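A short worksheet on the structure shown next.
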Amino acid sequence: MNQKMIRITQNKIKNNKIMKHIRRGLLISAVSLLLVSCGKAAEDNDEQAYRSYGITCMSQGNYEEAVKAFQKALSAAHSVGDMELDINLYLAESYYRLNDIDSALETYDALISYNDYAPAYFQRGNLLMEQGRTDEALSDYNQAIQKDKKNYELYIGIYETLKNKGQDERARDYLQKGYEQSGEKGRDHFYKGRIAYYLEEYENAVSLLKQAIEQDYVEANFYLAMIEKALGENEAAETYLNAYLSSDKVDAQALVHAGEETFANKDYEWSIRFFEGAKDQKDLLDRQNVLKNLTVAYEKMGDYQKAKEILEEYVNEFPKDDEAAAELQFLKTREGLQTEDTE
């Protein structure tokens, strides 16, 4: 790696020279939205341009180029603000996607040493949990919610990670902590309704989510749709689903999240609708994974022809994925079998 993210330990933060170095390490900005594709970086020393370019590269699965872009932004930025902290999370994610775990951890360490950044504690916790370092991960999770108690996404994110690790009881404990936060704004009703849905307290969830809709939180329609479907009220579920899909306030990432949730619930029909809605939007950050998930969803539905078409699109965009190329050959074989069956 040509330009490593700074290493910060407690005994280093003792003088202005070190603090200046830390500030430079945290200056990661982004790449001009005018840059259409990864591989066409701006010539000028523009942190905004490099930030957007890095995000574009991430969306196309080119994480090596994304890292370079964020590192160039490091040299171009002049101050540290919320955006710079956020872009370091993109940098760490790019390192992680490259399996450069040490550099990802360094980046999170730098963010935490600089200003106790709650999202960095959370993301570092996820990485530690993945490595089997459970006690350290839980310590980071607790630090995250201590630093930002009203951030419901932290409680839900921790819940999802722990649930995926089979730690259901501990996962529910974190949900309960999130639910106990006070607040009567639309945001509070939405997230508490969402938490109640995860806890399968449907009556309470419906009440909170309807209040959220009245306060202009259209995302609540998705969870109301999920609840109605779980209760067998398919017509009501479809009404809420259509309200969600037709809203101009629902962006690509929201659709991806909805697709992932329904995919995890093995509701492949709905997950296809969400992934299809997201895959060609300009603000999509991870088209590579969306196309992968969409392929699998079509396979699960038995639509091998459509799965083949999506996977062909994927292989054309990400030709270095040998597993996907092999899967494409398999789907072509299945397509042939389907043709024989219908004759």
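The values are calculated or read from the model by the stated rules, or taken from the named source; none is laboratory data. Fair warning: this is a prediction, and the values are worked out from it, not measured in the lab. We place every Cβ from the backbone using ideal geometry, glycine too, and count neighbours over all the protein chains shown. The area values use the complete protein model at the heavy-atom level, side chains included, leaving out ligands, DNA and RNA. Shrake-Rupley method; radii C 1.70, N 1.55, O 1.52, S 1.80 Å.
Summary of computed values
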read-out	value
Inter-label distance for Glu136 and Lys185, nm, one decimal - labels placed 7 Å from Cα along Cα-to-Cβ	3.5
Packing-based ranking, highest mean first, of 310-323, 217-230, 88-101 given that Cβ atoms within 10 Å are counted	217-230, 88-101, 310-323
Difference of contour (0.36 nm per residue) and Cα-Cα distance, Lys149 to His257	36.6 nm
Region 282-326, Rg to Rh (Cα coordinates; Rh as Kirkwood inverse mean 1/r)	0.97
20 Å Cα-Cα threshold exceeded, pairs from Lys165/Lys192; Lys279/Lys308; Lys150/Lys177	Lys165/Lys192
Percent carbon-and-sulfur accessible area, region 59-135, ignoring ligands, DNA and RNA, probe 1.4 Å	39
Rough spin-label spacing in nm, given labels placed 7 Å along Cα→Cβ, for Glu238 and Arg170	4.3
Residue-normalised accessible area of region 118-250, given per residue in Å² at a 1.4 Å probe	50
Label-to-label distance, nm, for residues given as Asn289 and Gln305 (7 Å Cα→Cβ offset)	3.2
Cα-based convex hull volume of region 202-248 per residue, rounded to whole Å³	53
Whole-Å distance, taken between Cα centres, linking region 150-207 and region 273-332	31
Unsatisfied cross-links (Cα-Cα over 22 Å) in the set Lys210/Lys249; Lys185/Lys229; Lys210/Lys292; Lys249/Lys306	Lys185/Lys229; Lys210/Lys292; Lys249/Lys306
